[in-house]
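To keep things clear, I will list the structure first and then write my remarks on it.
Since every read-out is calculated from the coordinates, none of them should be taken as a lab result. The structure displayed is predicted, hence computed values, not measured ones. Every residue, glycine as well, gets a Cβ built from its backbone with ideal geometry; the counts of neighbours run over all protein chains shown.
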Amino acid sequence: MTLAQIISVCRRSLLIGICLWLCGCAGYKLGNQNLFRPDVRTVHVPIIESESFRQGLGERLTEAVVKEIEGRTPYKVVSREKADSVFRAQIVDEGKRVIAENTFDEARDIEVQMVVEVSWIDRRGQQLIQRSEIPLNEGIYISQAANFVPEGGQSLVTAQQEVIRKLAAQIVSQMELPW
């Protein structure tokens, strides 16, 4: 074999290898596209209702959820009229409890906890979040907690913000398709 024939065979082999490699990867999608529903492109997120007496929790959680949806998913948050689906949530429980006290019975470590009920419904009224074998008629419950130490300069508000951040991430994770 001459050098020209060897180069020609190598080129053909390389070309065939590249074609086979490209054909084998044809069904794959890059990014987070295959983690989320392809039939939904837009979501409406109304202000999250709160049964708590603490002011502004629903608004703060709504803002965090909208930012998380826009940042982690391919969905766009839009008005109700333009939306393919509606994502509703309600804070059903919120509280704090003392974990540890000092010798003077002052709180040293306090836990803040929230429970949120969420549902995601498409235009036909079908539930899009289902994490159990039994179909759910209402939403699912998600809870989160965070601790704060008043002696260390931490406050209830900073702990609530940490809970809200974690809840928003956990809520948006529920929007992913099951494996």
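So for segment 34-173, averaging the separation of alpha carbon pairs under 8 Å that are six or more residues apart and normalising by length, what relative contact order in percent results?
Normalised by residue count, the contact order of segment 34-173 is 23 percent.
If Rh is defined by the Kirkwood formula over all Cα pairs and Rg also comes from Cα, what ratio Rg/Rh do you get for segment 58-179?
A ratio of 1.07.
Restricting to segment 34-173, what percent of DSSP beta bridges are antiparallel, rounded to 5?
Of those bridges, close to 80 percent are antiparallel.
I need the calculated FRET efficiency for the pair Gln161 and Phe104, taking r as the beta carbon distance and R₀ as 41 Å, to the nearest 0.05.
After rounding, the FRET efficiency stands at 0.90.
By how many nm would the segment from Ser143 to Leu3 grow when fully extended, if each residue of separation counts as 0.36 nm and the alpha-carbon distance is taken off?
43.4 nm
Ranking request for peptides 165-176, 87-98: highest mean number of other beta-carbon atoms within 10 Å first, then the rest in descending order.
Per-residue Cβ counts within 10 Å, averaged per peptide and sorted highest first, yield 165-176, 87-98.
For segment 78-125, what log10 I(q)/I(0) values come out of the Debye formula at q = 0.18, 0.19, 0.22 1/Å, with one point per alpha carbon and no solvent?
Taking Cα atoms of segment 78-125 as identical point scatterers yields -0.68, -0.71, -0.81.
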